[in-house]
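K.L.:
Below you'll find the structure I mean.
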C-alpha cells in the first residue's frame with residue numbers, strides 16, 4: 001500500500017518543487033489551497049517514482065489528483081488504482097484538465113470515463129489585461145475605478161504584513177456577518193479556509209494587499225503562484241458599502257503581481273450566478289474545464305458520485 005502523509009505548511013518546498021516546474025494552471029495545485037482546505041478533504045500526499053500524488057476525500061468518497069512529475073505515469077496510475085481498491089473505493093481523479101485528459105487517453109486509451117462540471121471550471125486571465133484594463137471591453141471597469149479614485153483621492157494600497165492580519169480578519173468577520181456565512185455550509189467552509197490562510201500567511205508563501213478608502217479598510221486580497229507562469233488569486237473581500245472597492249483591489253493587486261506571471265487564475269464560480277457574471281465580466285482568456293476521470297473497469301454502482 002502506498003504511504004501518504006498529511007499535508008502541512010512545512011511541506012511547501014517539496015510540493016512547490018513539483019508545481020512550480022509544471023505547466024498546469026488549475027487552482028487545485030496552489031499550495032495554500034491544498035493546506036487551507038485540508039480540514040474538509042483530509043488532504044494527503046506522497047512522492048512515488050518521481051511523481052507527486054494527492055489523495056483526498058469528498059463527502060466520504062475517495063479521490064486523487066492526476067500525478068504530477070516525470071517518468072512512467074502508467075505505472076503510478078496502476079499503483080493509485082491498487083491503493084483505491086485496498087481502500088474499498090473506485091479509482092477516480094478530480095481536477096483533470098483537458099491536457100491531462102489527452103495524456104490519459106494516450107497512455108490508457110478508452111479506459112476512463114470523463115465527467116465535466118462547469119461549476120468547477122477555472123477562470124484564467126491575462127495579468128496584463130487586469131493590470132491595464134485597456135480597450136473598449138474594459139470601459140465599465142475603468143469607470144468603477146475612476147469613480148473610486150474621485151471619491152477617495154487619498155486611498156492607499158499596502159501589502160499584507162503580519163501586523164495587518166488582525167485588520168483583515170476584522171473585515172472578513174464583518175463581511176461574514178453581512179452575508180450570514182456561518183449559516184451556509186459553503187461560505188462557512190470558505191471562512192475556515194480563509195482564516196487558516198491568514199493565520200499561516202508567511203508559512204504558506206502568500207502575497208496580498210489591503211485597500212484603504214480614507215481611514216477605512218475597503219478591501220483585502222491574497223494569493224500565490226500556482227506554476228511558473230500562473231498566479232492564483234484565492235481570496236478577495238471588500239466592504240460592499242464602498243462602491244468600487246472590488247474593482248479597485250482587483251486592479252491594484254494585478255499591478256503588484258510580478259510580470260513573470262502571464263496569467264492570473266481567479267478560480268471557479270461554483271455555479272453561483274452572481275459570481276459567474278462577475279468573473280465573465282473581466283474577460284477571461286481561458287475558462288479551464290476540469291473533469292472527474294474514473295476507470296471504466298469498475299462496477300457501475302461504484303462510479304456513482
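Here, each number is a calculation from the coordinates, and none is a lab measurement. For clarity, every value in this text was computed on a predicted model and none was experimentally measured. With ideal geometry, Cβ positions are generated from the backbone for all residues, glycine too; neighbour counts draw on all protein chains shown.
K.L.:
Could you calculate the contour length gain from residue 39 to residue 21, that is, 0.36 nm times the residue separation minus the distance between their Cα atoms, to one decimal place in nm?
P.N.:
Fully extending the segment from residue 39 to residue 21 adds 3.8 nm.
K.L.:
A further question follows. Which three lengths, in whole Å and largest first, does the chain cover when its Cα atoms are put on their principal axes?
P.N.:
For the chain, the Cα spread along each principal axis is 62, 39, 34 Å.
K.L.:
For the range 208-287, what are the per-bin percents of Cα-Cα distances with bins 10 Å wide, up to the bin holding the maximum?
P.N.:
That works out to 17, 49, 29, 4, in percent per bin.
K.L.:
As an exercise, use a Förster radius of 30 Å and the Cβ-Cβ distance of residue 116 and residue 137 to find the FRET efficiency, rounded to the nearest 0.05. Present the calculation step by step, with values, prior to reporting the outcome.
P.N.:
Values: r = 27 Å, r/R0 = 0.90.
Taking R0 as 30 Å, the efficiency between residue 116 and residue 137 is 0.65.
K.L.:
Testing the spin-label approximation: label points 7 Å from Cα along Cα→Cβ at residue 228 and residue 3. State their distance in nm.
P.N.:
Simple spin-label model gives 3.1 nm for this pair.
K.L.:
Suppose only helical runs count, i.e. DSSP H with n ≥ 4. What mean residue ellipticity at 222 nm does that imply for the chain under -39500 (n - 2.57) per run, divided by all residues and rounded to the nearest 500 deg cm²/dmol?
P.N.:
Values: 12 runs with 116 residues, N = 305.
Theoretical 222 nm ellipticity from helices: -11000 deg cm²/dmol.
K.L.:
Enumerate the residues in the range 1-39 having an amide nitrogen under 17 Å from the point lying 7 Å beyond the Cα of residue 192 toward its Cβ.
P.N.:
Residues 7-8, 33-39 qualify, since their backbone N sits under 17 Å from the label point.
K.L.:
For residue 216 and residue 158 in one chain, what is 0.36 nm times their gap in residues minus the Cα-Cα distance, to one decimal in nm?
P.N.:
19.6 nm
K.L.:
Specify the angular offset, from 0 to 90 degrees and rounded to the nearest 10, of the alpha carbon long axis of helix 98-107 from the longest principal axis of the alpha carbons in the chain.
P.N.:
That helix lies at roughly 10 degrees to the long axis.
K.L.:
Next question. Nearest 10 degrees, 0 to 90: what angle lies between the long axis of helix 185-199 and the longest principal axis of the chain (Cα atoms)?
P.N.:
80 degrees
K.L.:
7 Å from Cα along Cα→Cβ at both residue 87 and residue 102: what's the point-to-point distance in nm?
P.N.:
2.9 nm
K.L.:
Further, regarding this structure: Taking all pairs of different Cα atoms in the range 122-288, averaging 1/r and flipping that mean, what Kirkwood radius in angstroms comes out?
P.N.:
16.3 Å
K.L.:
Given the Cα-Cα distance of residue 287 and residue 270 and 0.36 nm per residue of separation, how much length would full extension add, in nm? Kindly include the intermediate steps, with their values, before the conclusion.
P.N.:
Working: separation 17, 0.36 × 17 = 6.12 nm, distance 1.31 nm.
Net length gain for the segment: 4.8 nm.
K.L.:
Using a ≥ b ≥ c from the Cα gyration tensor of the range 15-97 (square roots of the eigenvalues), is it rounded, prolate or oblate, where a/c under 1.5 gives rounded and otherwise the larger of a/b and b/c decides, a/b for prolate?
P.N.:
The shape class here is oblate.
K.L.:
Another question, if that's okay. Using the alpha-carbon atoms, what tilt in degrees (0 to 90, nearest 10) does helix 73-87 show relative to the longest principal axis of the chain?
P.N.:
80 degrees
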